[in-house]
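Written below as structure tokens is the structure these notes are about.
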């Protein structure tokens, strides 16, 4: 989920992103690129088999539900929109061939292709976008991302509050012309539209099955307009895709894609070694030690960080000093070395270094066992009186080694026993959405680099993603000020807001991530970028003998 309101020109923003990638490529150990086969003869069987690593199923197929990274593996194959992100995360024309922007930068007029349809041949018109964008704001849809991602669109608040079902800022001037009016200049708006929530949905299918149940009827139905459609969905096992016969873009060379759900990353790696998959990704740090000598191994820095959150409405984490104590008790350098084998960067800040507005030199809450104990005793003079604490985490994102290392640090440096609770990802996401987790873990990733992604979407008091119920009036005020300004002044305000969030432990940053995969020479057209696996528009993806 993402946005960019800086007045920086797009060419400069891309330059900054490139600098970000180059900067982080120096960390995380040796990085290689996938080797390519000299044999360009396509294989007879163009069926790509790969694991969706880290999940037991696709948990969020509705783009309005705010798909996680695993769900987006499928969403990006099924749905397409006005624009799409290229390998450098820059917005490129897709269903919109061109657009005009008013002099005040508040009105965007998109000109749609005249040959775009859903996968059953139903035409996609400008009205399809009006329907989809309005739907994401309707109270009955309960989208956690719609109200945030569309807040810059005129009339969005009235739809969110149930005053109307007409989104005044989005109009179909005719079948092939969509006009969007914003409440303020929003220079990141085109990049924002690369997010899947803005991709058109088939109103006919949703009305047939209902606002929530339609995702359970995707096999064989015309829900999207991307390069693939769902042939079958065996829950908990795999989703099979076949080419969309009505896709308007360059057609894929693949005849089928078999996406298997593999919750455990090491299991996926072993299955790849046994020949069950054509490529594998999401390699654990331990598996990378073996994989880095294999053909096609690649590791890249990504726009993702590991962070902890505390439920501020549950004792003992309703006290700032307790949260600060838990932060000061963590030796992040030791974790990076012994647990991650130097494949990550220890994080003192929420926003990764190299991004616009980042504060790489800000120390945050450094490791200091004496300070940690002092902070804890200021809130609980008798440590034995601290309420029971359970640290919950998704089993696919936190290894037993990491969880136990954190547990030991809190025991050694605070004298506090923390119970560990490993949960399957889909179930864990359901719990965090309900905000029932006392003390949890999150991996936050973004679509393109901007402070908005890291701070607005998860730490504002009213954010749907604020799993820890953290609330700080000064933070909210500073972010609001940032979103009313531009350029360096905007970034300075965001830097101030981030310091507030770090010092008051709205989030506890652990590390900034890299991702590793094995893309063997027989696989063409698949690479990695700062969001992980990158398939482009799938037209260049094929297998050779």
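The values are calculated or read from the model by the stated rules, or taken from the named source; none is laboratory data. Remember, predicted model here, so these are calculated numbers, not experimental data. Here Cβ is always computed from backbone atoms with ideal geometry, including for glycine, and neighbour counts include all displayed protein chains.
Comparison of 88, 105 shows that the only residue that is outside the structural domain of residue 50 (by TED's automatic domain parsing), surrounded by fewer than 17 Cβ atoms within 10 Å (Cβ to Cβ), out of contact with any strand residue (DSSP E or B) (no Cβ under 6 Å at 6 or more places or on another chain) and under 23 Å from residue 535 (Cα atoms) is 88. Do the conditions hold for residue 291, that is, is it crowded, with 20+ Cβ neighbours inside 10 Å, more than 15 Å from residue 45 (Cα to Cα), modelled with pLDDT of 95 or more and in the same structural domain as residue 535 (by TED's automatic domain parsing)? When the stated conditions are applied, residue 291 passes them. Of the set (1) surrounded by fewer than 20 Cβ atoms within 10 Å (Cβ to Cβ); (2) modelled with pLDDT of 95 or more; (3) within 23 Å of residue 445 (Cβ to Cβ), all apply to residue 310 but (1). Taken together, the residues in region 244-265 that are assigned to a loop (DSSP other than H, G, I, E, B) and either within 30 Å of residue 399 (Cα to Cα) or under 22 Å from the mean Cα position of the chain (by Cα) (or both) amount to 2.
So which residues in region 110-124 are closer than 13 Å to residue 204 by Cβ and either at pLDDT 95 or above or buried (at least 16 other Cβ atoms within 10 Å of the Cβ) (or both), if there are any at all? Those that are closer than 13 Å to residue 204 by Cβ and either at pLDDT 95 or above or buried (at least 16 other Cβ atoms within 10 Å of the Cβ) (or both): 117, 118, 119, 120, 122, 123, 124. Scanning region 463-492 for residues that are more than 23 Å from residue 309 (Cβ to Cβ) and over 24 Å from the mean Cα position of the chain (by Cα) yields 481, 484, 485, 486, 487, 488, 489, 492. Can you tell me which residue in region 515-535 is farthest from residue 90 (Cα to Cα), limited to those that are outside any strand (DSSP E or B) and under 17 Å from the mean Cα position of the chain (by Cα)? Once the filter is applied, the top-ranked residue is 535.
Scanning region 377-398 turns up at least one residue that is free of Cβ contacts under 8 Å to residues at least 24 places away in the same chain and in contact with a helix residue (DSSP H, G or I) (Cβ under 8 Å, 6 or more places away or on another chain). Filtered by the rule that a residue be touching a helix residue (DSSP H, G or I) at 6+ places or on another chain (Cβ under 9 Å) and closer than 30 Å to residue 76 by Cβ, region 399-425 gives 399, 402, 422, 423, 425.
Which condition number in (1) surrounded by fewer than 19 Cβ atoms within 10 Å (Cβ to Cβ); (2) farther than 23 Å from residue 440 by Cβ; (3) at pLDDT below 95 is the one that residue 357 fails? Of the numbered conditions (1) surrounded by fewer than 19 Cβ atoms within 10 Å (Cβ to Cβ); (2) farther than 23 Å from residue 440 by Cβ; (3) at pLDDT below 95, the odd one out for residue 357 is (1). Taken together, 491, 459 contain a single residue that is within 22 Å of residue 195 (Cβ to Cβ), in contact (Cβ under 8 Å) with a residue 24 or more places away in the chain, touching a helix residue (DSSP H, G or I) at 6+ places or on another chain (Cβ under 8 Å) and surrounded by 24 or more Cβ atoms within 10 Å (Cβ to Cβ), which is 459. Restricting attention to region 523-530, does a residue exist that is closer than 24 Å to residue 194 by Cβ, assigned by TED's automatic domain parsing to the domain that holds residue 348, buried (at least 19 other Cβ atoms within 10 Å of the Cβ) and at pLDDT below 95? For region 523-530, residues closer than 24 Å to residue 194 by Cβ, assigned by TED's automatic domain parsing to the domain that holds residue 348, buried (at least 19 other Cβ atoms within 10 Å of the Cβ) and at pLDDT below 95: absent. Of all the residues in region 391-401, those that are more than 16 Å from residue 262 (Cα to Cα) and either within 22 Å of the chain's Cα centre (by Cα) or surrounded by 21 or more Cβ atoms within 10 Å (Cβ to Cβ) (or both) number 3. Highlighted here are the strands (runs of 3 or more DSSP E) found entirely within region 152-243 that include at least 1 residues which are outside the structural domain of residue 89 (by TED's automatic domain parsing) and under 30 Å from residue 264 (Cα atoms): 228-234, 238-243.
In region 333-350, the count of residues that are without any contact (Cβ under 8 Å) to a residue 40 or more places away in the chain, within 30 Å of residue 188 (Cα to Cα) and surrounded by 20 or more Cβ atoms within 10 Å (Cβ to Cβ) is zero. Within region 267-282, the residues that satisfy the criterion of being modelled with pLDDT of 95 or more and outside any helix (DSSP H, G or I) are 274, 275, 276, 277, 278, 279, 280, 281. In this structure, does residue 541 turn out to be in contact (Cβ under 8 Å) with a residue 40 or more places away in the chain and assigned by TED's automatic domain parsing to the domain that holds residue 367? So residue 541 fails the test. For region 319-332, state whether one or more residues are assigned to a loop (DSSP other than H, G, I, E, B) and out of contact with any helix residue (DSSP H, G or I) (no Cβ under 7 Å at 6 or more places or on another chain). Within region 319-332, none of the residues are assigned to a loop (DSSP other than H, G, I, E, B) and out of contact with any helix residue (DSSP H, G or I) (no Cβ under 7 Å at 6 or more places or on another chain).
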